[in-house]
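Shown next, in structure tokens, is the structure this report addresses.
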Amino acid sequence: MRITTLVSLLLRACSLNVAMALPKPDSLIDDIIPAPKVFIISMFPPEAAIWYTKSPSNSSFGSLFAKNITVPGFSPLFPQAHCTAEGSVCLMTTGESEINAATSMTSLWTSRLFDLRKTYFMIAGIAGVNPNHGTLADVAFAKYAVQVAMQYEFDARELPNDIWTGYIPQGSEKPSQYPNSIYGTEVFEVNESLRDIAVDFAKTAILNDSLLATAYRSQYNTATAAKGSPYAKALRPPAVTKCDTVTSDVFFSGALLGQAFENTTRLFTNGSGIYCMTNQEDNAILASLLRGATNHLVDFARVIVMRSGSNFDRPHPGISCMDNLFHVTQGGFIPSLENLFNAGNPVIKGILAGWESRFKDGITPKNYIGDMFGTLGGKPDFGPGYQTNDNPVTDETAPNSVSVSAPSPSPLTSKRSTSLHFKHRTPFSSPYAIWGKEMGGYGVAQIWKRDEAVVILPAVQETNMGVGNGTIGEVTKVKVQGKSVVDNPIGKGKYGAFIAGEAHK
């Protein structure tokens, strides 16, 4: 072979390698994968919309549309994570219910598109609120998430006289018996020290309310809701509180179911849990994050669970549980969404501002964190007696002895990879473009323009289309952009309108 031919081949090989190493002209490639300081977890479009709208303001942390990253395995309705320009804050929408939430959450930390080892995750969603412990538009930060539907279920019409609810813990025969069959996702406990810090930040916020919510709360001021009675907290204005969430795929309504799940919460947490907020996703998200933590890809001590009350989980005296869900307008939907931002924004800003001095290395939990099995190490302060010898559950029947081994926690030792690259799409020219596409026709874009575009008529009329929980569409007579519109759902699709036509203070 001639020398000139050999040199030519070598030059061609070098040229090919250089060409392969260079980015394509139409691609935007970062040198390193983003490492968000905070990741907001929304469940459905209205929860995300408030962040999309408010975050670019001077009082917040910046536009979440600067980087839009497609993540394999995310919901087909919400395929992207959205981040600020420097990648310090990101948001994802999981889709509603436990299956959607677990699938999307797991897809995030397995994608390796982000370095999440020091990321604080903040679940930020609306919820049903228990009038024994809260009120409409409250913002609650939880220590426990309890999977209350993980039980045997019997039709209440077929119960014997000595059983007061159709929900009985698995492996047991009575509602008061601790479950003898445990799957491990029934209870999660998060970092109480971090929760308390988040509450302190959130309490600096001014919470929104509505005239409709104020009027509806007053319906709980009956003989059964006198001073010192269970419903006394339902009568007050919105506040930031510390209490716990219960997870159920079934969207339930009614005092009897509420009482049953209060019992479940107390039982599963050795009497320390306080059920104040309902949801369909928290345990699924936490189960996924815990498994990510066992693989040292996320830190379970950096999880915040925040829920705001959009509707009461049970009716006030004088109406039925069906009325509570379908036929009344409670007025809590929009202020509960707004309060996710109002309370959550100072939490995020506090973490960002104190990153180097306080949050980068994490907040050391003083309580046990994790699941019933002690998967992350430590001894659970809830659960059956064989796992919590220092705080055993005492009940009518002793659970069978079961040996559960838990791996010892180990520090993160893997180095951050600089060889992984990601492509992000060009930011949308307008947030409304992504709302219309990503939100599946929910028509949410108009809601957040209410201050300048929506004027409430003096006589607000409720219709039988309005619902207390807000997620099927509270509809009243409103004036939109100067034009009179009667019972008009803004947008289209499964859930109809999210414009509640509420008069706001």
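Some points to look at:
For every residue, the table says whether it meets (1) part of a helix (DSSP H, G or I); (2) modelled with pLDDT under 95.
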site	(1), (2)
GLU173	no, yes
TYR178	no, yes
LEU194	yes, no
ASN208	no, no
GLY228	no, yes
THR265	yes, no
ASN270	no, yes
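- Pairs meeting the criteria (first residue in the stretch 30-49 and within 12 Å of MET92 (Cβ to Cβ), second residue outside any loop (DSSP other than H, G, I, E, B) and open to solvent by 10 Å² or more (accessible area, probe 1.4 Å), beta carbons under 7 Å, at least 6 apart or on different chains) are GLU47/ILE126.
- Between ASP299, ASP282, ASP313, the distinction of being of a type outside the set (Gly, Ala, Ser) and open to solvent by 10 Å² or more (accessible area, probe 1.4 Å) belongs to ASP299 only.
- Selection count, the stretch 129-167, where residues are open to solvent by 10 Å² or more (accessible area, probe 1.4 Å) and in a strand (DSSP E or B): 4
- Single residue of the stretch 283-328 satisfying the filter (of a type in the set (Ser, Thr, Tyr) and in contact (Cβ under 8 Å) with a residue 24 or more places away in the chain) that is farthest from ALA140 (Cα to Cα): THR294
- Only residues that are farther than 27 Å from TYR144 by Cβ and either open to solvent by 10 Å² or more (accessible area, probe 1.4 Å) or of a type in the set (Val, Ile, Thr) (or both) were counted in the stretch 318-351, giving 10.
- The listed residues are GLU338, GLU356, and the only one of them that is in contact with a helix residue (DSSP H, G or I) (Cβ under 7 Å, 6 or more places away or on another chain) and of a type in the set (D, E, K, R) turns out to be GLU338.
- Close pairs (6 angstrom Cβ cut-off, 6 or more residues apart or separate chains): closer than 30 Å to ALA343 by Cα and at pLDDT 95 or above in the stretch 141-169, part of a strand (DSSP E or B) and open to solvent by 20 Å² or more (accessible area, probe 1.4 Å) anywhere: PHE141/LYS242
- ILE126 being in contact with a strand residue (DSSP E or B) (Cβ under 6 Å, 6 or more places away or on another chain), open to solvent by 10 Å² or more (accessible area, probe 1.4 Å) and not in a loop (DSSP other than H, G, I, E, B): yes
Table: residues versus (1) farther than 24 Å from PHE44 by Cβ; (2) in contact with a Leu (Cβ under 9 Å, 6 or more places away or on another chain).
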position	(1), (2)
GLY258	no, no
ASN263	yes, no
CYS276	no, no
ILE285	no, no
ALA301	yes, yes
VAL305	no, yes
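- The single condition among (1) on the phi > 0 side of the Ramachandran plot; (2) surrounded by 23 or more Cβ atoms within 10 Å (Cβ to Cβ) that ILE182 does not satisfy is (1).
- Identity of the residue in the stretch 108-133, over 13 Å from PHE39 (Cβ atoms) and of a type in the set (Gly, Ala, Ser), that ends up nearest to the chain's Cα centre (by Cα): GLY125
The values are calculated or read from the model by the stated rules, or taken from the named source; none is laboratory data. If you're wondering where the values come from, they're calculated on a predicted model, not measured in any experiment. Here the Cβ is made from the backbone with ideal geometry for all residues, glycine too, and neighbour counts use every protein chain on show. The protein model used for the area step is the full one, side chains on, heavy atoms only, and it has no ligands, DNA or RNA in it. Shrake-Rupley method; radii C 1.70, N 1.55, O 1.52, S 1.80 Å.
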